[in-house]
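Worksheet: one structure, shown below.
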Amino acid sequence: MSAVPGTATTLAAARTAPRRRGDRIFSTAATAAGAAILAVLAGVAIFLLIEAWPAITADAAEIPGGDGLVAYIAPLAFGTLLGAAIAIVLAVPLAVGVSLFISQYAPRWLAQPLGYAVDLLAAIPSIVYGLWGIAVLGPATVDLQRWLADHLGFIPLFEGPASATGRTMLVVGVVLAVMIVPIISAITREVFSQTPRAQVEGALALGATRWETIRMAVLPFGRSAVIGGSMLGLGRALGETMAVTIILSVSGAVTFNLISSGNPSTIAANIALDFPESSGIDVNALIASGLVLFAITLVVNMAARAVISRSERGRL
Amino acid sequence: MSTALRAVSWRRRATDRAVTFGVATAFALALAPLVSLLWTVVSRGAERFDATFFTESARNVVGEGGGAYHAIVGTIVITGVATLASVPIGVLAAIYLQEYGHGRLKRWLTFFVDVMTGIPSIVAGLFAFALFAIFFGPGIRLGVMGAVALSVLMIPIVVRSTEEMLKIVPNGLREASYALGVPKWRTVVSVVLPTALAGIVTGVMVAVARVIGETAPLLITTGTFSSVNANPFSGRMENLPVFAYSQYKSPGVPPDPYFARAWAAALTLIAIVMLLNLAARLVYRRFGTELR
């Protein structure tokens, strides 16, 4: 500023000084926002750990159930995994079918509206899925579950006796499957439709039928997307709360019997059910179980993202 | 020889047909719940989808009557605060990723924003609870706690969608701005952001639609309350999803009026979510066309 005005260098200096300051402020703000997000994620882990700590260090007898934290969380973790496992087994073939239908079979003008319809499934709040499950799907499948108990009862999964209300782990698994189909299919649909044209046309030129084209070109190309998308869906199913809370009739039993009225609870549903009425160490124990859920879903999601980003890099 | 050939191609054709049938069935199976669910919610929710429902609270209501006015106010306040907190952070972080980011921080942020979209909503609720419980004790229930929980869920969605929108702003626009001597930050604020504005607004609306139906995190942070409370910093605050849940879970005697209110709340939620998604699509179609 104090330099002689009129020379080229001072002009440039005068104009770059405030410009640099504006840039510096703005880029600092943007970087800070980015760092803040990472801090929030770290904060989730840290604050959960702080609030879970009293339960982790507490005497085993003080934890609900009286047998310590591990004995408290293990049956819940079992229920969480069981429900998510049913969901994933049902949802993956369904989602792949949906994605193939939209990307390979449906006429082009219809593909986009059909995609919207599937995405609508993801937009519906989980509480509404819960109400639908307990009021419609559960009662509607009571007879089916009774049939399963009568005719397939030799399989431990359908041992029975069948629940009279339909509030079973099987129904929960089906509802979870419906909820994660759009998540899986959003990823797979995208990748299926990006199958290299030349490979598809090459297969067709060799006389392949549509199915053979899909098997030889589309599915190998989209394999890692199916894996990654399924793991994203798995993460969602593990953490889903309200649908399970409302539908499932809970006894705390550890059993593979999917159609009886005594089912293991899940970590998330147990928190939603017990948290509002808990106090003292019980709250800390619930938060400790939430920390376990956070750790499980974090690992699943990180693995899913790693698989998906590798498949994307492979395509470039 | 020729019969053998024909047998093989018959089998191939049959497999192809079977797969076509299977794929179409899968699609129908996936959409059947959507139809059933929408029908159930509309037919059962219509009974109490009336003026009283939107103008009266549940204060001192036993049995029939009453409404969800207090819950609607709560939902608007909680979601509004969450949006006010999430949009600046999310958009700035997206600007960092697209315009400034480099090296390890960018890679980490990209990865962890994706991971963050998968945080279970109940865990976000526990985080908000833990954060406030450390300072105010374990009995604390506030509207703003719910907003913090929803922000954790919303921020990654806003970052993702904003980043996508900034990506499709043509580089020529940025270069033209630099060529005119406009500093980088002014280029971002007055060239890049306005160009991507429709897309960013669309993304925010979709993010709002995603979190407005969240029940679990609010159940443990805002509690339940049957009167109107519009102050997020004072006391418990009801909201639509929790209202639907508590009406259904702990009904009075006879239970039918409570169930009817729960279904009406579910119908209201679905209507809000659908309207938000529809509006988002319209905004993008109306104002976002120059980019495509």
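Could you tell me which residue out of B:G146, B:L131, B:N171 lies farthest along the dipole of region B:116-188 toward its positive end? Charges go on the beta carbon: Lys and Arg +1, Asp and Glu -1, centred on the Cα centre. The Cα lying farthest towards the positive end belongs to B:N171. Taking the helices alone, chain A has a mean residue ellipticity at 222 nm of -24000 deg cm²/dmol, built from -39,500 (n - 2.57) per DSSP H run of at least 4 residues and averaged over all its residues.
Across peptide B:127-137, how many C-beta atoms of other chains are within 10 Å of each residue C-beta, on average?
For peptide B:127-137, the averaged partner shielding equals 5.
Per residue of chain B, the DSSP helices (runs of n ≥ 4 H) give a summed -39500 (n - 2.57) that works out to -24500 deg cm²/dmol at 222 nm.
Build a GNM of chain B with springs between Cα atoms under 10 Å apart, and of B:V123, B:V19, B:V77 the one that fluctuates most is B:V19.
Based on DSSP H assignment, which helices of chain B show an axial Cα extent of at least 15 Å together with a mean Kyte-Doolittle hydropathy greater than or equal to -1.0?
Answer set is B:2-45, B:69-95, B:103-116, B:121-136, B:143-167, B:193-212, B:256-287.
Cα centroids of region A:220-275 and region B:52-83: how far apart, whole angstrom? Value for the Cα centre distance between the two parts: 30 Å. Each Cα pair under 8 Å and six or more residues apart adds its separation to the average, and for chain B the resulting relative contact order is 27 percent. Relative contact order for chain A: 27 percent, from Cα pairs under 8 Å spaced at least 6 residues apart, divided by residue count. If only the Cβ of Lys and Arg carry +1 and only the Cβ of Asp and Glu carry -1, the dipole of the protein assembly as shown around its Cα centre is close to 2680 debye.
Straight-line cross-link reach from B:K106 at under 27 Å between alpha-carbon atoms covers these lysines, not counting any fewer than eight positions away in the same chain: B:K167, B:K184. Taking other C-beta atoms within 10 angstrom as a stand-in for reagent exposure, A:V307, A:V171, A:V191, A:V299 fall in the order A:V299, A:V307, A:V191, A:V171, fewest first. Expressed as an acute angle from 0 to 90° and rounded to the nearest 10, what is the orientation of the C-alpha long axis of helix A:142-151 relative to the principal long axis of chain A? That helix lies at roughly 60 degrees to the long axis.
Taking Cα centre as origin and charging only the Cβ of basic (Lys, Arg, +1) and acidic (Asp, Glu, -1) residues, the dipole magnitude of chain B rounds to 1080 debye. Projecting the Cα positions of B:A207, B:F27, B:I76 onto the charge dipole of chain B (unit charges on Cβ atoms of Lys, Arg, Asp and Glu, taken about the Cα centre) puts B:F27 furthest along the positive direction. Taking the Cα centre of region B:209-292 as origin and assigning +1 to Lys and Arg Cβ atoms and -1 to Asp and Glu Cβ atoms, the resulting dipole is close to 320 debye.
In terms of overall dimensions, region A:42-177 has a Cα radius of gyration and Dmax of 20.6, 64 angstrom.
Its alpha carbons give chain A an Rg and a Dmax of 26.3, 98 Å.
When the Cα positions of B:W185, A:G202, A:A111 are compared along the charge dipole of the protein assembly as shown, A:G202 comes out farthest toward the positive end, with charges on each C-beta of Lys, Arg, Asp and Glu.
Angle of helix A:69-100 to the longest C-alpha principal axis of chain A, folded into 0 to 90 degrees and rounded to 10: 70°.
For the residues A:F221, A:F26, A:F78, a GNM of chain A with alpha-carbon springs under 10 Å puts the largest fluctuation on A:F26. If R0 is 30 Å, the Cβ-Cβ spacing of B:R59 and B:K249 corresponds to a FRET efficiency of close to 0.95. For the peptide A:227-239, the mean number of other protein chain Cβ atoms found within 10 angstrom of a residue's Cβ is 2.
If you take all other residues with their beta carbon under 14 Å from the beta carbon of A:P75, and give Lys and Arg +1 and Asp and Glu -1, the sum is -2. Between the Cα long axis of helix A:219-239 and the first principal axis of chain A there is an angle of about 70°, rounded to the nearest 10. With chain A treated as a Gaussian network of Cα nodes joined by springs under 10 Å, which of A:W109, A:W53, A:W147 yields the largest mean-square fluctuation? Answer for the Gaussian network model of chain A: A:W109. Here the contact order of region A:216-316, divided by its residue count and restricted to Cα pairs under 8 Å and six or more residues apart, works out to 39 percent. For the segment A:173-179, counting C-beta atoms of other chains within 10 Å of every residue's C-beta and taking the mean gives 2.
Every number in this text was worked out from the coordinates using simple rules, so none of it is lab data. Keep in mind that what you see is a predicted model, and the values were worked out from it rather than measured. Quick reminder, even Gly has a Cβ in these numbers, built from the backbone with ideal geometry, and neighbours come from all protein chains shown.
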